[in-house]
Amino acid sequence: NRPFDVDTIRRDFPSLDQHIHSQPLVYLDSAATSQKPRAVIESISQYYSGANANVHRGSHSLTASATNRFEAARQTVADFLNAPVEGIVWTRGATEALNLIAQTYARQNLQPGDEIIVTEMEHHANIVPWQIVAEQTGANVVKWPVNPETCQLELAELDNLLTSRTRMLCIAHISNVTGTRNPVEAVIEKAHLAGAIVVVDGAQAVVHENVDVTTMNADFYVFSGHKLFAPAGIGALYGRPSLLETMPPWHGGGKMVEKVSFSGTQYAESPAKFEAGTPNVAGAISLGEAIHWLANIDHKGAEAHIAALQNQLVEGIQNIEDLRIIGLQHGASVVAFTVDGVHHSDIATLLDQQGIAVRSGHHCAHPLMDALGINGCVRISIALYNTEDDISRCVAAIQKACDLL
Ligand code: PMP
């Protein structure tokens, strides 16, 4: 890999080269969704221009080649996570993957009174599916509180929460609000000793961490393609193959069956058992492209670049009057803040008028907002294509917004 160079990276992202309200775009909302490199955009276009066919059906050449590329992309995802390929199930994204686990593994295994530990910093996608399945089975969702000062979880607290009724523990690898990196390896070890299986939400982590689900010993690991430079509508679920084999299907339809008759249906083996219907073939292939694109980048250099920009941002805004950074995590790609007496959405609107895209609101994390005693915040999220100039413009715009409001 060549040493990291942001100018070279930026040339790969046509969408960064545009104006918003007559100002060059500064895109600082990559934790919501990343922009897409040319290689990914072209792979979608090439697929529909010359390679489109349904997969796993029929015997003509185009379908065989589409199937090969679709399955090669599954292997790419498996290698990316250091997972066995039979453990990779295509989904629409992290949300669908989490719901799949809830409605198959959890629904089959939970009994009344069983417990699912869910951390307080989770995205709603890693809370609501557990509440739904708890309602269906009589199990209880148990909150693992976040320390509101540090915005971190305390491992010692977990010892008090794990009981003989704990069956599952659901945790983000990296928080989408504060960028907190959770010690998932230690959590998994503790949960396993207590007899619980662990679901890791990797939606924010796959783009920053070298994820290795085998070393981590995760039972389930989920992510979305669109935060990893791939299009929306594709994502993946890693499940320990021995668990996937015992799980019932969720959606029924074509492709997930061996034999259908009115006297009974025989399901296919996993992962096909969990992939009813025509899948997002172009999405899967372009997710594979995104992973290949990323593999050619100096990962350490990119992360050091992001950490330096985060530092520049923190130094630029930390002394602004009434501005409060929420749970700062050094070296993370995000910074969340509030300004006393100013609504977060007003700041985001003023930044947008200067061409700067950031996110404001509750970030699909109501329980975390409640724990922090705030009704929302501004989140700035940095990706490898951001520059020092992006951060300087953002700092100046925040200062200007605070002076104005
Ligand atoms: N978990 C986390 C931590 C997230 O940041 C997100 C996306 N904001 C999700 C889950 C849900 O991902 P998706 O909407 O792509 O399914």
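The values are calculated or read from the model by the stated rules, or taken from the named source; none is laboratory data. Quantities reported herein were computed from a predicted structural model and do not represent experimental measurements. Heads up, the Cβs are rebuilt from the backbone with ideal geometry, glycines too, and the neighbour counts pull from every protein chain shown. Accessible surface areas use protein heavy atoms only, side chains included; no ligands, DNA or RNA. Shrake-Rupley method; radii C 1.70, N 1.55, O 1.52, S 1.80 Å.
The residues of segment 385-405 that are open to solvent by 10 Å² or more (accessible area, probe 1.4 Å), at pLDDT 95 or above and in contact with a helix residue (DSSP H, G or I) (Cβ under 7 Å, 6 or more places away or on another chain), listed by number, are THR387, GLU388, VAL395. Go through segment 223-278 and give me each residue that's outside any loop (DSSP other than H, G, I, E, B) and either among the hydrophobic types (A, V, I, L, M, F, W, C) or in contact with a His (Cβ under 6 Å, 6 or more places away or on another chain) (or both). PHE223, LEU228, ALA236, LEU237, LEU243, LEU244, VAL257, VAL260, ALA272, PHE274 - these are the residues of segment 223-278 that are outside any loop (DSSP other than H, G, I, E, B) and either among the hydrophobic types (A, V, I, L, M, F, W, C) or in contact with a His (Cβ under 6 Å, 6 or more places away or on another chain) (or both). Looking across segment 316-353, the residues that are under 16 Å from ALA396 (Cβ atoms) and open to solvent by 40 Å² or more (accessible area, probe 1.4 Å) come down to GLN318, ASN319, GLU321, ASP352, GLN353. State yes or no: is ALA156 open to solvent by 10 Å² or more (accessible area, probe 1.4 Å), without any contact (Cβ under 8 Å) to a residue 60 or more places away in the chain and either outside any helix (DSSP H, G or I) or not charged (D, E, K, R) (or both)? For ALA156, the condition - open to solvent by 10 Å² or more (accessible area, probe 1.4 Å), without any contact (Cβ under 8 Å) to a residue 60 or more places away in the chain and either outside any helix (DSSP H, G or I) or not charged (D, E, K, R) (or both) - is met.
Is it true that GLY58 is surrounded by fewer than 19 Cβ atoms within 10 Å (Cβ to Cβ) and part of a loop (DSSP other than H, G, I, E, B)? Spelling it out, GLY58 is indeed surrounded by fewer than 19 Cβ atoms within 10 Å (Cβ to Cβ) and part of a loop (DSSP other than H, G, I, E, B).
Being small (Gly, Ala, Ser) and surrounded by 14 or more Cβ atoms within 10 Å (Cβ to Cβ) narrows it down to one of GLY264, GLY253, GLY235, so name that one. Answer to the selection: GLY235. Find all pairs meeting these conditions: Cβ atoms under 9 angstrom apart; at least six residues apart or on different chains; first residue within segment 74-96 and over 12 Å from VAL213 (Cα atoms) and assigned to a helix (DSSP H, G or I); second residue aromatic (Phe, Trp, Tyr) and modelled with pLDDT of 95 or more. Every condition considered, the pairs that remain are ARG74/TRP90; ALA94/PHE223.
Residue-by-condition table, conditions (1) modelled with pLDDT of 95 or more; (2) within 24 Å of the chain's Cα centre (by Cα); (3) part of a strand (DSSP E or B); (4) polar (S, T, N, Q):
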{"site": "ALA282", "(1), (2), (3), (4)": "yes, yes, no, no"}
{"site": "ASN311", "(1), (2), (3), (4)": "yes, yes, no, yes"}
{"site": "GLY316", "(1), (2), (3), (4)": "yes, no, no, no"}
{"site": "VAL335", "(1), (2), (3), (4)": "yes, yes, yes, no"}
{"site": "PRO367", "(1), (2), (3), (4)": "yes, yes, no, no"}
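Among the residues of segment 204-232, those identified as of a type in the set (Asp, Glu) and either open to solvent by 30 Å² or more (accessible area, probe 1.4 Å) or at positive phi (or both) are GLU209, ASP212.
Close contacts from segment 31-45, counting a first residue that is within 15 Å of ALA282 (Cα to Cα) and a second that is open to solvent by less than 30 Å² (accessible area, probe 1.4 Å) and among the hydroxyl-bearing types (Ser, Thr, Tyr), with Cβ to Cβ under 6 Å and a gap of 6+ residues or different chains, come to VAL40/SER286; SER43/SER286; ILE44/SER286. Just checking, does segment 63-71 include any residue being more than 19 Å from SER286 (Cβ to Cβ), touching a helix residue (DSSP H, G or I) at 6+ places or on another chain (Cβ under 6 Å), open to solvent by 10 Å² or more (accessible area, probe 1.4 Å) and in a helix (DSSP H, G or I)? No.
Looking at segment 100-149, which of the residues that are within 16 Å of the ligand (Cβ to nearest atom) and open to solvent by 30 Å² or more (accessible area, probe 1.4 Å) is nearest to GLY179 (Cα to Cα)? That would be HIS123. Pairs are defined by a Cβ separation below 7 Å, a sequence spacing of at least 6 or placement on different chains, a first member in segment 171-189 that is in a loop (DSSP other than H, G, I, E, B) and modelled with pLDDT of 95 or more, and a second member that is among the basic types (Lys, Arg) and within 13 Å of the ligand (Cβ to nearest atom); the pairs so defined are VAL177/ARG379. Would you be able to tell me the number of residues in segment 28-52 that are away from the ligand (no atom under 16 Å from the Cβ), open to solvent by less than 70 Å² (accessible area, probe 1.4 Å) and of a type outside the set (A, V, I, L, M, F, W, C)? So the answer is 5. The residues on offer are GLY254, GLY235, and the sole one that is touching a Gly at 6+ places or on another chain (Cβ under 8 Å) and either more than 20 Å from VAL199 (Cα to Cα) or hydroxyl-bearing (Ser, Thr, Tyr) (or both) is GLY254.
Please go through segment 90-127 and give me each residue that is among the hydroxyl-bearing types (Ser, Thr, Tyr), over 17 Å from the mean Cα position of the chain (by Cα) and over 25 Å from ASP159 (Cβ atoms), ordered by number. Even if it seems obvious, please write down each step before you answer.
First pass over segment 90-127, keeping only residues among the hydroxyl-bearing types (Ser, Thr, Tyr): 91, 95, 104-105, 119.
The next check asks that each one be over 17 Å from the mean Cα position of the chain (by Cα); those that pass are 104-105.
Answer for segment 90-127, where residues must be among the hydroxyl-bearing types (Ser, Thr, Tyr), over 17 Å from the mean Cα position of the chain (by Cα) and over 25 Å from ASP159 (Cβ atoms): just THR104.
Of all the listed residues (TYR238, TYR267), the sole one being of a type in the set (Phe, Trp, Tyr) and touching a Leu at 6+ places or on another chain (Cβ under 6 Å) is TYR238. Collect the residues in segment 309-340 that are out of contact with any strand residue (DSSP E or B) (no Cβ under 9 Å at 6 or more places or on another chain) and touching a residue at least 24 places away in the same chain (Cβ under 8 Å), keeping them in residue-number order. Hits for segment 309-340 are LEU309, GLN312, GLY316.
The residues of segment 159-177 that are surrounded by 14 or more Cβ atoms within 10 Å (Cβ to Cβ) and not polar (S, T, N, Q), listed by number, are LEU161, LEU162, ARG165, ARG167, MET168, LEU169, CYS170, ILE171, ALA172, HIS173, ILE174, VAL177.
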